[in-house]
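Notes follow the structure.
The values are calculated or read from the model by the stated rules, or taken from the named source; none is laboratory data. The structure displayed is predicted, hence computed values, not measured ones. Note that each Cβ is placed from the backbone with ideal geometry, even for glycine, and that neighbours are counted across all protein chains shown.
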Amino acid sequence: MSISHTSAPARRGRKLLLLGNAGAQFCALVRYTVLARLLGPEQLGLAVTLILVSQFFESVSDSGSDRFLVQDADGDAPRLQRLVQLLAVTRGIAIAVALIVFASPIAGFYREPALIGGLMLLAIAPLLMGFMHFDLRRMQRHHDFAREGVAMLVAESISLIVTVIAAWITRDFTASLYGLIARAAAMVVVTHITAERRYEVGYAAEHAKRLARFAWPLMLNGLVLFAAGQGDRLMIGNQLGVKELGYYSATLLLIFYPSAMILRYVHAMQMPVVAAARGDTATLREAVDGVAGETLMLSLAMMAGFAVVAPLFVPLLYGRAFALPVTLIAIIGVLQICRFIRIWPTTVALAAGRSGIVLTGNVVRVIAFPAAYAGLRLVGGLFGLTLGFVAGELLAFVGAVVMANRAVGLGMARDGWRIIAFIASSVAILGSAHAAETMAAPVAWAAALATAALLALIAWQERPTMLRAVAIARQFQSSLRRRA
């Protein structure tokens, strides 16, 4: 991670953001664990469908206006902030209306009439979120990340408490609704309490056109991003049923939440650094190289760790009813990390103001749908479907890196090696998982040692990234000693 902008307030803000991210993802994981334990695979699958629908409407309406406050030169202007908050209110109302109107057709898609009432109740959450105060995003221009960390931690903690109580009382999928509504209400309250400016909404013609140019590719991207990022669960729910969706989602969430926490932190930390370096080629090259190396090493660490740990933790956390084959668990982890590593080209593209690259990269990801359908028919079941999505994600990732590097005037010499290293590691980890599940112990150990050697070689090539990580760790330890 970059160690630029390391003033004491900035360091404290980064630590608090990391703590908020970690706490939020931990609360979310505990929430799903409790739901799985109390409700079982089928009711958990229904709860997941509600969350998928909520994410769909959020994705297709995401204009990126909050990020525009960070990226734009006039992001500190009060009139621009009022415009962003007006759009948020409009968005919240639109999502709430859409959830009510489309509740019945969506329930029909999943062949689950019980979802109709739940979707209508879910409309309360986006309606509340529309009134969020965006001072927490504006202050990130000044490397103040503490406000977002506090807001996430408080909102997710309250959501966890409400969900657990509701699940204990209702014993059905509607428990997740009460948690989502509580999280939205808490987020709105905390952002208003911690804001420096008074909350206002209003139209600003001088900023609207510029915001529209930034926003329209991201709004189109939202639909494509949802289809590519959540298409696996949509297909499972429609093709295999909500019970299989419950099995799959429970496993996926063990890697989704840690990776989402790290993704948000990396994006929040690195986007201002890359954006600030655009005027100097040498500084820009160093900033982009830092994002790429850091993301690659985090991706490989999470992918390998998940393949080793998840087969033990899935039945331990959720119960034996949720146990899955080792190879299937490993490929679910590979799929999620293929999505995580896209934060590398996405951060570079957005920092350069090239949101169209993000849209183009996500359009390419749609190729995973026919690949997943072919895998479902030729290979069969969850493994074949997931394998198809992995292929689509890898293809889109390669294209996104090429486009992002071109956008900032950098070549592919070093990043080409990183792409090859990531793909080779994915194949090696899947091969090791398959060997551990189906082959004799000597063969399984040989595959595991070969994979470990490959990962060690990549770590050696990424020594600058590792040294930066060590420097940050020492800096963190020093700050703890000073406080003590």
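Quick look at the values:
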{"item": "Which numbered condition Lys243 fails, given (1) basic (Lys, Arg); (2) modelled with pLDDT of 80 or more; (3) closer than 30 Å to Leu410 by Cα", "result": "(3)"}
{"item": "Among residues of region 97-153, those that are within 24 Å of Gln239 (Cα to Cα) and in contact with a His (Cβ under 6 Å, 6 or more places away or on another chain), counted", "result": "0"}
{"item": "Residue in region 404-411 that is of a type in the set (A, V, I, L, M, F, W, C), surrounded by 24 or more Cβ atoms within 10 Å (Cβ to Cβ) and in contact (Cβ under 8 Å) with a residue 12 or more places away in the chain present", "result": "yes"}
{"item": "Sole residue being β-branched (Val, Ile, Thr), in contact (Cβ under 8 Å) with a residue 12 or more places away in the chain and either surrounded by 15 or more Cβ atoms within 10 Å (Cβ to Cβ) or in contact with a strand residue (DSSP E or B) (Cβ under 7 Å, 6 or more places away or on another chain) (or both), chosen from Ile423, Ile429", "result": "Ile429"}
{"item": "Val89 in contact (Cβ under 8 Å) with a residue 24 or more places away in the chain, in a helix (DSSP H, G or I), under 19 Å from the mean Cα position of the chain (by Cα) and within 27 Å of Ile158 (Cβ to Cβ)", "result": "no"}
{"item": "Looking only at region 163-207, and only at residues there that are farther than 30 Å from Gln140 by Cα and of a type in the set (Val, Ile, Thr), the one that is surrounded by the most Cβ atoms within 10 Å (Cβ to Cβ)", "result": "Thr163"}
{"item": "Which listed residue, of Leu80, Leu50, is crowded, with 21+ Cβ neighbours inside 10 Å and in contact with an Asp or Glu (Cβ under 8 Å, 6 or more places away or on another chain)", "result": "Leu80"}
{"item": "Options Tyr248, Tyr203, Tyr199; residue that is assigned to a loop (DSSP other than H, G, I, E, B) and touching a Leu at 6+ places or on another chain (Cβ under 9 Å)", "result": "Tyr203"}
{"item": "Of all residues making up region 345-379, the number that are touching a Gly at 6+ places or on another chain (Cβ under 7 Å), in a helix (DSSP H, G or I) and among the β-branched types (Val, Ile, Thr)", "result": "1"}
{"item": "Residue in region 417-438 that is more than 30 Å from Gly241 (Cα to Cα), of a type outside the set (Asp, Glu) and at pLDDT below 85 present", "result": "no"}
{"item": "Condition met for Ser157 (closer than 27 Å to Pro41 by Cβ, polar (S, T, N, Q) and over 22 Å from the mean Cα position of the chain (by Cα))", "result": "no"}
{"item": "Search result, residues across region 11-47 that are in contact with a His (Cβ under 7 Å, 6 or more places away or on another chain) and either at pLDDT 75 or above or surrounded by fewer than 17 Cβ atoms within 10 Å (Cβ to Cβ) (or both)", "result": "none"}
{"item": "Residue tally, condition in contact with an Asp or Glu (Cβ under 9 Å, 6 or more places away or on another chain) and over 19 Å from Thr49 (Cβ atoms), over region 162-186", "result": "1"}
{"item": "Only one of Gly333, Gly319 that is surrounded by 24 or more Cβ atoms within 10 Å (Cβ to Cβ) and within 30 Å of Leu38 (Cβ to Cβ)", "result": "Gly333"}
{"item": "Output for region 96-116, where each listed residue is hydrophobic (A, V, I, L, M, F, W, C) and either farther than 21 Å from Met129 by Cβ or touching a residue at least 40 places away in the same chain (Cβ under 8 Å) (or both)", "result": "Ala98, Leu99, Ile106, Ala107, Phe109, Ala114, Leu115, Ile116"}
{"item": "Tally, over region 200-249, of residues that are β-branched (Val, Ile, Thr) and within 19 Å of the chain's Cα centre (by Cα)", "result": "1"}
{"item": "Close pairs from region 316-335: first over 21 Å from Ala421 (Cα atoms), partner surrounded by fewer than 19 Cβ atoms within 10 Å (Cβ to Cβ) and among the acidic types (Asp, Glu), Cβ under 8 Å, at least 6 apart", "result": "Pro325/Glu437; Val326/Glu437"}
